[in-house]
Amino acid sequence: MKSNTALIALATVVVLAAAYWFFFSGTGNQPPLSVTGAPTSSAQAKFETLVGELGPISFNTGIFTDPHFTALVDIATAVAPETFGRQDPLAPTSASSPAPILSAPAPVSLPAQAGAPVVVPTQIQSAPPPPAASSTPL
């Protein structure tokens with residue numbers, strides 16, 4: 001037990017010493033793309049030339065204040081409700097009493113701030129419980 005504790009303490013000291021050396025000695029802080037001499041190949045020279053030609057990226061945001069952009073209107077299309085299927089798709093089927101089919105709730109339109117309708121689904125009504133399974137094996 002004591003050798004295990006001593007081993008953990010020794011490992012902790014080694015990790016702390018390595019972290020101190022890496023962060024505070026200055027040898028681990030070189031930039032990743034430093035050029036120390038002439039390029040060794042034509043591909044490297046071409047790459048360095050292309051990187052030197054890169055400039056900062058800027059975006060013209062004036063389109064957002066343009067009257068044509070601000071006049072745009074959202075045209076919402078209502079989606080018709082569709083059936084979901086059986087309540088329990090793994091339940092055995094019976095020709096005399098099929099499982100009930102659940103349907104999607106009707107959408108409710110609420111007025112939005114910008115004038116476009118927002119569609120919010122209503123709660124799903126609970127379906128009747130499925131019929132009891134027959135005791136005859138398949």
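The values are calculated or read from the model by the stated rules, or taken from the named source; none is laboratory data. On a predicted model such as this, the values are computed, not experimentally measured, just so you know. Here Cβ is always computed from backbone atoms with ideal geometry, including for glycine, and neighbour counts include all displayed protein chains.
Numbers for the structure displayed
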read-out: Close pairs (6 angstrom Cβ cut-off, 6 or more residues apart or separate chains): charged (D, E, K, R) in the stretch 81-108, in a loop (DSSP other than H, G, I, E, B) and at pLDDT below 60 anywhere; value: Glu82/Ala104; Arg86/Ala99
read-out: Residues of the stretch 46-57 classified as modelled with pLDDT of 85 or more and either hydroxyl-bearing (Ser, Thr, Tyr) or surrounded by 10 or more Cβ atoms within 10 Å (Cβ to Cβ) (or both), total; value: 3
read-out: Count - residues of the stretch 48-74 that are assigned to a loop (DSSP other than H, G, I, E, B), among the β-branched types (Val, Ile, Thr) and free of Cβ contacts under 8 Å to residues at least 40 places away in the same chain; value: 1
